[in-house]
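Chemist: Starting off with a structure, shown below.
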Amino acid sequence: MAENTGKNERSQLLYTRRNAFDALDKAEIAAAYAFGEDYKAFLGAAKTEREAVARAVSIAEAHGFAQIAPDAWSEQLPPGARVYKNLGGKSLMLSVIGKRPILDGLNIVVAHVDAPRLDLKQLPLYEDGEMAFFK
C-alpha cells in the first residue's frame with residue numbers, strides 16, 4: 001500500500017508531457033488550426049519589421065483602432081477609445097482607454113517584432129579547419 005502512495009505522490013509532483021490533441025475537443029483543435037493559418041499568412045506578408053508593423057496597423061484599423069494625433073496624448077480620450085501610434089514604421093503602440101482612473105491600475109502587454117530572415121555581412125563566407133562558415 002505504501003508503494004502505491006509513493007507513485008501517486010510522484011505523479012502529482014513530476015511534470016508529465018501530454019499531447020494537446022488528447023486534452024482538446026474538436027472545436028478547440030479547429031480553432032488552433034485556424035489561428036495557425038492566420039499566423040502563417042501574417043508571416044508571409046510580414047517578412048521585415050516594417051512590413052510586420054504595417055500589417056499590424058491594417059489589422060488594428062479593421063478592429064476599430066484609429067491613429068492618434070501627435071498632440072493628442074495630453075488630451076482626455078473617452079473610455080473605450082481605441083488608438084494607435086506608429087513609431088517610425090518599426091514599432092507600434094496600441095491602447096484601449098479604460099473607464100477607471102489610471103491610479104486604479106492598468107494592463108500592459110509588450111511584444112517584440114522580429115523578422116525571420118538572415119542578415120549576412122558583405123563577405124559572410126569564410127573557411128576554417130576545412131569547413132565553410134557564415135559570419
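Chemist: Quick one: count up the residues across the stretch 59-74 that are under 16 Å from the mean Cα position of the chain (by Cα) and open to solvent by less than 50 Å² (accessible area, probe 1.4 Å). Can you show your working first?
Modeler: Taking the stretch 59-74 and keeping what is under 16 Å from the mean Cα position of the chain (by Cα), we get 59-60.
Now drop any that are not open to solvent by less than 50 Å² (accessible area, probe 1.4 Å), which leaves 60.
Within the stretch 59-74, residues that are under 16 Å from the mean Cα position of the chain (by Cα) and open to solvent by less than 50 Å² (accessible area, probe 1.4 Å) number 1.
Chemist: Could I ask something else about it? Take residue 56 and tell me if it is closer than 30 Å to residue 97 by Cβ, open to solvent by less than 80 Å² (accessible area, probe 1.4 Å) and assigned to a loop (DSSP other than H, G, I, E, B). Walk me through how you get there before you give the answer.
Modeler: On the way: closer than 30 Å to residue 97 by Cβ: yes; open to solvent by less than 80 Å² (accessible area, probe 1.4 Å): yes; assigned to a loop (DSSP other than H, G, I, E, B): no.
Against the criterion (closer than 30 Å to residue 97 by Cβ, open to solvent by less than 80 Å² (accessible area, probe 1.4 Å) and assigned to a loop (DSSP other than H, G, I, E, B)), residue 56 does not qualify.
Chemist: Considering the stretch 79-100 alone, what residues qualify as being open to solvent by less than 80 Å² (accessible area, probe 1.4 Å) and in a loop (DSSP other than H, G, I, E, B)?
Modeler: Correct list: 80, 81, 88, 89, 97, 98.
Residue-by-condition table, conditions (1) surrounded by fewer than 10 Cβ atoms within 10 Å (Cβ to Cβ); (2) modelled with pLDDT of 85 or more:
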{"site": "12", "(1), (2)": "yes, no"}
{"site": "27", "(1), (2)": "yes, yes"}
{"site": "41", "(1), (2)": "no, yes"}
{"site": "45", "(1), (2)": "no, yes"}
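Chemist: How about the stretch 101-111: which of its residues are exposed (fewer than 10 other Cβ atoms within 10 Å of the Cβ) and closer than 24 Å to residue 57 by Cα? Before the answer, list the steps.
Modeler: Within the stretch 101-111, the subset exposed (fewer than 10 other Cβ atoms within 10 Å of the Cβ) is 101-105, 107-111.
Matches in the stretch 101-111: 107, 108, 109, 110, 111.
The values are calculated or read from the model by the stated rules, or taken from the named source; none is laboratory data. Given the structure is predicted, the values throughout are model-derived calculations rather than measurements. Reconstructed Cβ throughout: ideal geometry from the backbone, glycine too, with neighbour counts over all protein chains shown. Just so you know, the surface numbers come from the protein's heavy atoms only, side chains and all, with ligands and any DNA or RNA stripped out. Shrake-Rupley method; radii C 1.70, N 1.55, O 1.52, S 1.80 Å.
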